[in-house]
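Heads up: the structure comes next, in structure tokens.
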Amino acid sequence: MGAPSLTVYWDERFREYDLGPEHPFSERSRALAARLLALQDGSESSGAIEWVRTVGAASRAELETFHRPEYLDFVERASAFDEPILLDMGDTPSFRGCFEAAGRIVEGAIRGIDRAWESSHPAFHPAGGLHHARPERASGFCIFNDVAVAVGRAVRAGRRVAYLDIDAHHGDGVMYGFYDSGRVLDIDFHQDGRTIFPGTGAASETGRGDGAGSKVNVPLPPASGDEALLPIFRRLVPPLLRSFRPDVIVLQHGVDGHIGDGLARLQYTPGAYAEIDRALLALARELADGRMLVTGGGGYRARAVSRVLARTGLLLAGGDPPPDDAALPEGWRTEYRETIGERAPSTWADTEVVEPSRWHAEDEERLIAELERGLGMRFPAVRSS
Ligand SMILES: [Zn+2]
């Protein structure tokens, strides 16, 4: 058995981050992803994954590296009551134990970025990626911002961090948290903020002060899919990363851009996620000695989130994921039915009906031209292979 090539953080207590039975966000689909990944790892590529199954809660001092003390006091008080109160303007309720549950997810990201640093292999934290939380408030289902805490930790250690965010929603908590910092390159692909929460992430937002030119926003109109995402990703991401020279890469791997998601209106396919995962793993090896933290994020359709994140784990471990039509394990399908309360998928990917995209080559050129002006860099077209 060789050395592990991926560390995965999955403590069953991550499921305690539970915003209620009617709430769209649930760690249940991430739990199913971790379960499927563990089953597949055991059967196919045994020994490639190191599992960390016990994760404590982040300390108050660790949380204060990003969050304001008064906000932490507020969450701590709300955490003592059964009766939920709203922690933001509307979407993020408290629950008994929310301080510790949210703190445990932060600790997963802290442990992950430290592990990636010392091991020079990727760390994967599927329960994490709560990228909307702000220093002084909750936002968009996110109580504490685990990814921002992890990015800040690396920055304070003197490292240059490339943060990529492929969630359907703009990662505003992370971007504004480091808007002035030239040590954080932030590249964020998302559904256009004029059509979805949180409304930010215009291409004109490129950073400020020392951070000027280090924030890259790629807003895509509703109904955009792989035909919009992948050509821009291929054109922007490798040159930006090569010129920035990160010490570590952090990827917020939300799956709510997947076709058929319950909240967002993009149409990415599992194949697009696989291409991005492979490309970033290769760039992490080329530029950052293999150091990469990958978290989960949004995703409101359990059948998509569970399978895409399990496949991401297999790719990060250096394996070849099963083909789309390969059968899923029966035991996992039973768990899926019992956990989600609906029919389980039978294979690794479905054939989806894609609605016509409104994205055209002119849209790509217009967006690239705006980014070139804002960032002072050129992004020549990449010849497709
Ligand atoms: Zn999202």
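The values are calculated or read from the model by the stated rules, or taken from the named source; none is laboratory data. Owing to the predicted nature of the structure, the values given are computational and were not obtained by experimental measurement. Don't worry about glycine lacking a Cβ; one is built from the backbone with ideal geometry, like all the others, and counts go over all protein chains shown. Ligands, DNA and RNA are stripped out before the accessible areas are found, and what is left, the full protein with its side chains, is counted by its heavy atoms. Shrake-Rupley method; radii C 1.70, N 1.55, O 1.52, S 1.80 Å.
Rounded to 0.05, the FRET efficiency of the Asp82 and His360 pair, given R0 = 45 Å and the Cβ-Cβ distance, is 0.30. Structural descriptor for the chain: relative contact order 18 percent, calculated from alpha carbon pairs under 8 angstrom and at least 6 residues apart. If you run the Gaussian network model on the chain, springs between alpha carbon atoms under 10 Å, then out of Gly374, Gly341, Gly297 the most flexible one is Gly341. The peptide list 110-119, 86-95, 304-313, 171-180, put in order of mean Cβ contacts within 10 Å with the highest first, becomes 304-313, 171-180, 110-119, 86-95. Highest mean first, the peptides 4-16, 96-108, 50-62 sorted by other C-beta atoms within 10 Å per residue fall in the order 96-108, 4-16, 50-62.
Let me know the shape class of the range 196-255, please: from the alpha-carbon gyration tensor, a ≥ b ≥ c as square roots of the eigenvalues, rounded when a/c is under 1.5, otherwise prolate if a/b is greater than b/c, or oblate. In terms of gyration-tensor shape, oblate.
Each listed q (0.26, 0.29 Å⁻¹) maps to a log10 I(q)/I(0) for the range 80-140 from the Debye sum over equal C-alpha point scatterers, namely -1.11, -1.23.
For the range 124-225, just say rounded, prolate or oblate: build the C-alpha gyration tensor, square-root its eigenvalues into a ≥ b ≥ c, call rounded for a/c under 1.5, and beyond that prolate if a/b exceeds b/c, oblate if not. Because a/c hits 1.5 or more and a/b fails to exceed b/c, the range 124-225 counts as oblate. Helix-only arithmetic for the chain: the sum of -39500 (n - 2.57) across DSSP H runs with n ≥ 4, divided by the residue total, places the mean residue ellipticity at 222 nm at -12000 deg cm²/dmol. Per-residue accessible area (protein heavy atoms, 1.4 Å probe) orders Met377, Met292 as Met377, Met292, starting from the largest. Expressed in Å, the radius of gyration and Dmax of the Cα atoms of the chain are 19.3, 58. The residues Trp359, Trp348, sorted by heavy-atom accessible surface at 1.4 Å with ligands and nucleic acids left out, run Trp359, Trp348 from largest to smallest.
Ranking Ser181, Val147, Ala116 by Cα position along the charge dipole of the range 65-194, where only Lys, Arg, Asp and Glu carry charges on their C-beta atoms, puts Ala116 farthest toward the positive end. The portion of the accessible surface of the range 41-89 made up by carbon and sulfur, rounded to a whole percent, is 53 (1.4 Å probe; DNA, RNA and ligands excluded).
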